[in-house]
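Below is one structure, written out as structure tokens; comments come after it.
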Amino acid sequence: MTPSERTRRLRAQCLGIPTWGFADSGTRFHTLRRPWSPRTLSERLEDAAQVQRFTGVCPRVDLHTGWDASPDWAATRREVEAHGLVVGAINPHLFADDRYALGTVCHPAAEVRQYSLERLLEGVEIGRATGATVLSLWFADGTNMPGQDSFLRRRRALEEALHRVYAAMPAEMSLVIEYKFFEPAFYHMDLADWGGACLLAQRLGERARVLVDMGHHALGTNIEHIVALLLHEDRLGGFHFNDKKYGDDDLTVGSIQPYQLFLVYGELVSAARDPLLVPRVDRVALMIDQNHNLQNQIEGTIQSVEALQIAYAKALHVDWTALAAAQEAADVVMAEEILKDAYLTDVRPLLRSLREDMGLAPDPLAAFRRSGYTQRKAAERSGA
């Protein structure tokens, strides 16, 4: 790959950032309160705009209907666009409610299933009003004890609800289905793995795909293999990027397993070398989903953006021709060395130069700190 093509692709990288990533968070034991944290959707949008201001590759903001409230979603769209952003994904809120104790669209009670379906259809309408192109669905549905409920009944209920949602979506909207192997349920999850999500997407239609959250797998899962298989089936719809040490830790991207992140990007770059697969790669939504337990939320998001840029830049340095030759020759050692050579490349000077060419500060985190934004917002928001 030529340096100019590498630079072109890095400039074109488009990441989605979540409004919920700017709110106060912490652990399941305590929520940490910080004076600069946003209290409203408008303030979360202000913070999201700062990430785009200093990185230049995050023009999409993802909304969460349970935490992001608006009396006028068309007006919210105008507010988003006034910040130089667009709405990327709508995430309907289907977990923090007592009525969901036994599930949402899989719940034994018809009235809870209907209520949950209405929340999903509401998400479609919010997406229509805001111009969102993705409806992102994660279900906390599952059971905690053997015999608690019928797996088959729950699966049929899930399929029935999503057929209704899919039929209601505008033509320009896609649906991505996120899976998780455990939590909050511990005996079984109704969407526990990529295979179950992929089968469901195939039943729905060509605009339904699978969302891969990096933290939603058992330890040791080969996520890059899952990515390759979903690309092969044309069912890879998006990512929620974060990192983990144990479970769904939602840590800063690249903080624990940067080599895995590089290998995932490697599958995307490798697939994009095939003209037939380019459209499948181009439609994949690259989204961040993390909780900043201790970091300043904007700073933590900038760190994640930089990690994604680094992983992508390193994947673009792979000598794919040499790798194919080593694979064909069954040269296991050299094949691994070719990947490691790209991974060990220091791409930070390239990214600094790229940012300067884009009219940005070469070090976005340092530039954000110099701006004094956190201090100003701490004074404004804590004094209200």
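Quick notes on this one:
- Theoretical gain in end-to-end length, ALA325 to GLU337 [0.36 nm per residue, Cα-Cα removed]: 3.0 nm
- Springs between Cα atoms under 10 Å define the GNM used for the chain, and in it the highest mean-square fluctuation of ALA23, ALA185, ALA167 occurs at ALA167.
- Loop-located trypsin sites (Lys or Arg not before Pro) in segment 184-254 (DSSP state not H, G, I, E or B) with no more than 12 neighbouring Cβ atoms inside 10 Å: LYS245.
- By definition, a body whose alpha carbon gyration tensor gives a ≥ b ≥ c is prolate when a/c is 1.5 or more and a/b is larger than b/c, and segment 156-197 fits this prolate description.
- Within segment 162-279, the proportion of Cα pairs with more than 20 Å between them is 45 percent.
- Förster radius 25 Å - calculated FRET efficiency between TRP67 and MET145 (Cβ-Cβ, nearest 0.05): 0.25
- For the options THR130, THR345, THR65, a Gaussian network treatment of the chain with springs between C-alpha atoms closer than 10 Å singles out THR345 as fluctuating the most.
- Partner lysines for LYS314 [C-alpha distance under 23 Å; skip if fewer than 8 residues away on the same chain]: LYS244, LYS245, LYS340
- Three-way shape call for the chain based on the alpha-carbon gyration tensor, with the a/c threshold at 1.5: oblate
- Within the chain, the longest run free of GluC sites (Glu not before Pro) that sit in a DSSP loop with at most 11 other Cβ atoms within 10 Å is 207-384.
- The chain - percent relative contact order, Cα under 8 Å, separation 6 or more: 17
- Using a Gaussian network model of the chain in which every pair of alpha carbons under 10 angstrom is joined by a spring, one finds that among ALA311, ALA48, ALA101 the greatest mean-square fluctuation is at ALA101.
- Computed FRET value (nearest 0.05) for GLU122 with ARG155, which takes r as the C-beta separation and R₀ as 25 Å: 0.60
- Length available on full extension from ASP98 to ALA218: 0.36 nm per residue minus the Cα-Cα distance, which gives 40.4 nm.
- What you get for the chain, charging only the Cβ of Lys and Arg (+1) and of Asp and Glu (-1), is a dipole of about 720 debye around the Cα centre.
- Contact order normalised by residue count of segment 37-165, Cα under 8 Å, 6+ apart, percent: 24
Bear in mind these aren't lab numbers, they're just calculated from the coordinates by the rules spelled out. Model, not experiment: these values are computed from the prediction. Note: ideal-geometry Cβ built from the backbone for every residue, glycine included; neighbour counts use all protein chains shown.
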